[in-house]
1. With unit charges on the beta carbon (Lys/Arg positive, Asp/Glu negative), name the residue among F306, G461, H327 whose Cα is farthest towards the positive pole of the charge dipole of the chain.
2. Evaluate the distance, in nm, between pseudo-label points positioned 7 Å from the Cα of V632 and of R521 along their respective Cα→Cβ axes.
3. Could you work out the helix-only [θ] at 222 nm for the chain, with each DSSP H run of four or more residues adding -39,500 (n - 2.57) and the total divided by the number of residues, to the nearest 500 deg cm²/dmol?
4. Based only on Cα atoms, what mean projected area does the convex hull of the stretch 42-192 have, in nm²?
5. In whole Å and largest first, what semi-axes does the C-alpha gyration tensor of the stretch 249-326 yield when each eigenvalue is scaled by 5 and square-rooted?
6. Within the stretch 125-156, whose backbone N sits under 17 Å from a point 7 Å along Cα→Cβ of E681?
7. May I ask you to give the solvent-accessible area per residue for the stretch 38-102, in square angstrom, as obtained with a 1.4 angstrom probe?
8. Give me the dipole magnitude in Debye, nearest 20, for the stretch 135-210 about the Cα centre, with unit charges on the beta carbon: positive for Lys and Arg, negative for Asp and Glu.
Amino acid sequence: MSTGAVGRAYPRLEGPAKVTGTARYAVEYPVDGVTYGWAVPSAVVRGRITRIDTTEALASPGVRAVVHHGNAPRMAPGPQPDLRLLQEPTVHYRGQYVAVVVATSLEAAREGARLVRIDYDTGPHSTVLTDDHPSLYKPDQVNPSYPTDTAEGDFDAGYAAAPVRVDVTYRTPAYHNNPMEPHATTAQWHDGRLLVHDSTQGATPVRATLAELFELPPESIRVVAEHVGGGFGSKGYAKASVVLAALAARHVDRPVKLALTRQQLFGPVGYRTPTIQRVRLAADTDGRLTAICHDAISQTSTIREFAEQIAVYTRSMYAAPHRRTTHRLVRLDVPTPFWMRAPGECPGAYALESAVDELAIAVGIDPVELRIRNDTDVDPDQGRPFTSRNLVACLRQGAQRFGWASRDPSPRSRRDGRWLIGTGVAGSSYPARARPSSATATARPDGSFLVQINATDIGTGARTAIWQVAADALGVPPERVEIRIGDSALPTAALAGGSMGTASWSWAVIRAAQALREKLRDGGPPTGEVTAEADTTEEVGGQPALPRYAYGAHFVEVRVDADTGEVRLNRMLGVFAAGRVVNPTTARSQLIGGMTMGLSMALHEEGLLDERYGDWVNHDLATYHITGCADVESIEAYWLDERDDELNPAGVKGLGEIGIVGAAAAVANAVHHATGVRIRELPIRLDKLIGVSDLA
Ligand code: MOS
């Protein structure tokens, strides 16, 4: 029955189209009569526009219009107030888009934008997160719908009574998503219907948001996202580009292409919130955790609450009788934070997996062994068994592959010339979720098959994975299967986010294929096309609520220049347990991509905000440093052959995000092992190492 396509390494189906330049991205479709939009950001943080002078801009060659709050088409109030752009003169954060210049060429639009004169009344602002900020508050819940705080046992008593304790505070800065393709949109109105080609992780949610904002039935809107050049979460929902392009196109009654610039991605499309995280751990002298507390502080904007689930990772990772987690938010005059690869788990694991390393040193137990001793088959948070939990197997296999056993635990115990060498480990976990989706499968008389689902391939290889799953489910060689994705006109499906794309889409595709096979069996050989459809809403909603997670273990070796404090990565090795792996080639890319992003978080990335201007000063790729190829000397990802039949018909857990979770902690732990210096504020820059230690 199965053709065995799942589990085999296929190159991406769209690879040839991408390398020959024929794959089209959002603003690359030829459109008759198209005009170009250029977004104008606010130059103040908080205030009110008192005057917009468009005279010079409109007189500039090629400029067709300046769209702003005084003349823009009206939008309905909706659940995403940060998307109600150009509707009112109020400015909530620096960089908020306050106008769009539309012109016959991109260059003319840009020049026009330079010539728009805007006057503002401004007020005082507050844009820097502190743990004693006057607007610190407790949100009602944290993303997506977790309780804000949890408590089991009696943390204070358990902590006070323990012989070994660690009380440490970690800080992470703002991080900015930098997909290769910026947020970009082509918008066209035809007879009251809206067609957009948008760079998004989910055409269905974008269509839903546009329908609300423009008060249209969803059937009047089509969102196409056939190829998407990365997202990492920042394109998880509709963003400014699609709203501005749709507004501008309606205003000028012409198609509009609008792409945000690289600089404009730093803030207004969302960023990972800075965090302040206090972690307290207590253990007995055997290293068994008795008390765990994780208090997380992060920021949101004044216009929309975004409560990152930072301490949620700690609720389920390690067992202890006394546990507490809390989240507090500070409302600032900043753009609303948004998703960035493993929102919540990523910063949370950095803090917890660093603190576990500090505890291992305090109690004198190897950090791999300490984690193994605190493993649990039962989710400490929910009190129910995990569907599968192979953290220990990941730690063991990773330690063996990495050569951990010979490690001298003493900091500064290895040296090679002027380089201090150290190794570090961290655990990792990420929820294995699925969302309802629908799909159709069609048999054609020529023996080929067509499978349609509004999945999105944001560069991950999703299209190829679905194709493999479809072939096996149909019981035919994959060469006979054609896949159509990336269009809201196709059957509605989950977005590419939360590491749940493959699980969600496979579920619907497998059910549609099964329905088609039944139809074909009942109906005899087809004379025309035969189509079957499936919708997993009831299946997915009815899945048993056993806790389900992917797991991993990171092992890192760094070298630190004893004179300059420069940190270099010698090698990074991860072992993961993420259910069934559909395509080893693209899976490996996801894992090493996540690990690289974690390395980047540990050593390089840092949004530096200047309170005077209320904005990040390093908003381009020259000044916001991201790990490059030369920073990664050796990186390896492995996975266990894990079968978990509780999950979904494809047996996958998802692996888009687990690679980043814990990775920064493993790097930081290795830096400590190399130098004896614990930097608790990322990134680990050389000046921080030099400042606190006589390295040489
Ligand atoms: Mo991912 S941050 O859920 O796109």
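1. G461
2. So the label points at V632 and R521 sit 4.5 nm apart.
3. Values: 16 runs with 176 residues, N = 696.
So the calculated ellipticity at 222 nm is -7500 deg cm²/dmol.
4. Values: hull surface 59.7 nm².
Averaging across all directions leaves 14.9 nm² for the Cα convex hull.
5. Working: eigenvalues 401, 27, 24 Å².
Working from the Cα gyration tensor, I get semi-axes of 45, 12, 11 Å.
6. Zone members listed by number: 127-133.
7. Details: 2600 Å² over 65 residues.
For the stretch 38-102, the solvent-accessible area averages 40 Å² per residue.
8. On the way: 5 positive and 9 negative charges, 57 e Å.
With only Lys, Arg, Asp and Glu charged at Cβ, the dipole is about 280 debye.
The values are calculated or read from the model by the stated rules, or taken from the named source; none is laboratory data. All values derive from a computational prediction rather than experimental measurement. Positions of Cβ are generated from backbone atoms using ideal geometry, with glycine treated the same way; all protein chains shown enter the neighbour counts. These area figures cover heavy atoms from the full protein model, side chains too; ligands, DNA and RNA do not enter into them. Shrake-Rupley method; radii C 1.70, N 1.55, O 1.52, S 1.80 Å.
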